[in-house]
Amino acid sequence: MRAWRFSSVVSEGFPANASDKDCRYASNVELIVDDGYPTLEGLKHTIEIQALTDARAAKAKAEDFVDLRFVDEIRKTGYLSKLK
């Protein structure tokens, strides 16, 4: 699968042969982190979107949903560095 640079997609649009999956990937590829840790900023954005349809989400804090113990354990094994 070809990953289009987000900046070129914004200025030029998606190629005519791009699938929906390719378009979604290209739109979000720059948000993917290399180290496996979720970003609080990304989670805050997700909560904001959810709050549009569920008022309870407006009271939620991103920090309350993040438990990095699992990612820490994976990093200690060196598995994530082997994926790069």
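Is there a residue being touching a helix residue (DSSP H, G or I) at 6+ places or on another chain (Cβ under 7 Å), loosely packed, with under 12 Cβ neighbours inside 10 Å and modelled with pLDDT of 85 or more anywhere in the stretch 48-57? Among the residues of the stretch 48-57, not one is touching a helix residue (DSSP H, G or I) at 6+ places or on another chain (Cβ under 7 Å), loosely packed, with under 12 Cβ neighbours inside 10 Å and modelled with pLDDT of 85 or more, which makes the answer no.
Which members of the stretch 57-77 meet the condition of being under 17 Å from GLU41 (Cα atoms) and among the aromatic types (Phe, Trp, Tyr)? The one that is under 17 Å from GLU41 (Cα atoms) and among the aromatic types (Phe, Trp, Tyr): PHE65.
The values are calculated or read from the model by the stated rules, or taken from the named source; none is laboratory data. All values reported here derive from a predicted model rather than from experimental measurement. Heads up, the Cβs are rebuilt from the backbone with ideal geometry, glycines too, and the neighbour counts pull from every protein chain shown.
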